[in-house]
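Notes to accompany the following structure.
No lab work stands behind these numbers, since they all come straight from the coordinates. The shown structure was predicted, so the numbers you read here are calculated from the model rather than taken from an experiment. Here the Cβ positions follow ideal geometry from the backbone for every residue, glycine too, while neighbour counts run over all protein chains shown.
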C-alpha cells in the first residue's frame, strides 16, 4: 500500500513539474540586453549571422553597431572563406569552410569585376588590381570598397601584399608593393590611416646570401623535358597570381615572400630592409609547379612534381637552422597519381592550419584542402553553376569579418 502511494505522489510531482514548465514562458532573445545580444551574435559564423539578419529589424541593425563590431574584433579566428577565380577571371564564388559548401558572392552596386583582378588578401579584406594599374581594397562580406591613390612605380612590379596593423581592431591596414630588377629591389607601402603611399625604400642583399652563384633572377634557362620538348625556366602565372606574395611575421619582423621568375623563393625583410633568395628546392632543369603560402604562421611552399611514372604533391618548410627544405605534408600517392601526365599548374592559399590548392590544366581541374597538422587531404566537390561545373585557377583566403574596415 505504501508503495502504491509513493508512485501516485511521484506522478503528481511529475505532472506539476510539467505544468510549471508549460506555464513558464520560453526563453526569448528579446530579454537580452543589447550589449549581451551583440556578444552572443558576434560568436556566430558569418554565414549564420548573415542569414539571421532577416529575423527582425533589431538583429539586422546589429551589423552596423560600433559595439557589435568591437565584439566581433575580439574573436581571435574565424573559419576562412576562399574567393575563387576561374579562367575568365570571374570572382563571384566563395568556398565557406565553416559549412563546407560553395556560395555565390553578392557584389556591391557598381562593382565591375571584369575590370578588377584579385591579387592579395589579408584577414577580412581582398585587394584588387584594375586593368589600368590602380588598386582597390574591398570587404567581400559587407561589399564596402576603397580605391587607393595611384602609386608611382617606375620599375617592374614583382609582388603585392597586405596586412593589418597590430592592435588596430581591423581598422588600419597596409598594402606593400615590391618592384625593381634584381639585385635592385625596393618596396613602397600604402597606409590606410594616412591614405597615401609612403616613400620608396631600397632593399639591399642580405649578407651571406649565396644566390648570386646560382642563376640571375631574370635570366632564362632552357632544357629538354623527358618528352623531348624545350622548356624554359621562366614561370608563367595566371593574371590573378602574377603578383602573388605572402607576408609572415617572424621574430617580430615583417617578411614578404614571393616567387622569382625562375621559381625560387624570394624573401624581402621589410623591417631590416634587405632581401635574400632561398635555395632551390628542385634542380633548375626539373619540371614542376610551385606556389608559396603562409600556414601555421610561417612560409611554406607547395610543389607538384613527377618522378618514376607518378606524381606527388608535397608541402615544404624552410629550416632556418639547417638552411634546407623540410617536408611537412604529402598527399597520399593514390590521390596524387591522378595528376600524372596532366601537366597541371597549382595555385594555393593558406589560412591557419589549412592550405587550399587549385590544380588546373587544359582538360583537368580540381580543388583540394590540406590540413597540414593532421596531413589530411580532402578533394572538394565540384561547384556547379547553371548545370556546368566551374573550373577554378586560383583562390584567395580571407576571414569573413564584418568589422574589417576599408
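Structure data summary
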read-out: Ascending count of other beta-carbon atoms within 10 Å, so fewest first, for 357, 315, 373, 64; value: 64, 373, 315, 357
read-out: Ascending count of other beta-carbon atoms within 10 Å, so fewest first, for 396, 49, 339; value: 49, 339, 396
read-out: Gyration tensor (alpha-carbon) shape descriptor, the range 278-337, a/c threshold 1.5; value: oblate
read-out: Linear extension gain, residue 376 paired with residue 251, 0.36 nm per residue minus alpha-carbon span; value: 42.1 nm
read-out: Rounded FRET efficiency, nearest 0.05, which uses the C-beta distance separating residue 65 from residue 284 and R0 of 45 Å; value: 0.20
read-out: Average Cα contact separation per residue, the range 77-398, under 8 Å, 6 or more apart, as relative contact order %; value: 13
read-out: Exposure proxy ranking, count of Cβ atoms within 10 Å, fewest first, for 135, 77; value: 77, 135
read-out: Gain upon complete extension [residue 199, residue 56; 0.36 nm per residue less C-alpha separation]; value: 46.6 nm
read-out: Sorted largest first, extent of the range 275-406 alpha carbons per principal axis (Å); value: 50, 45, 28
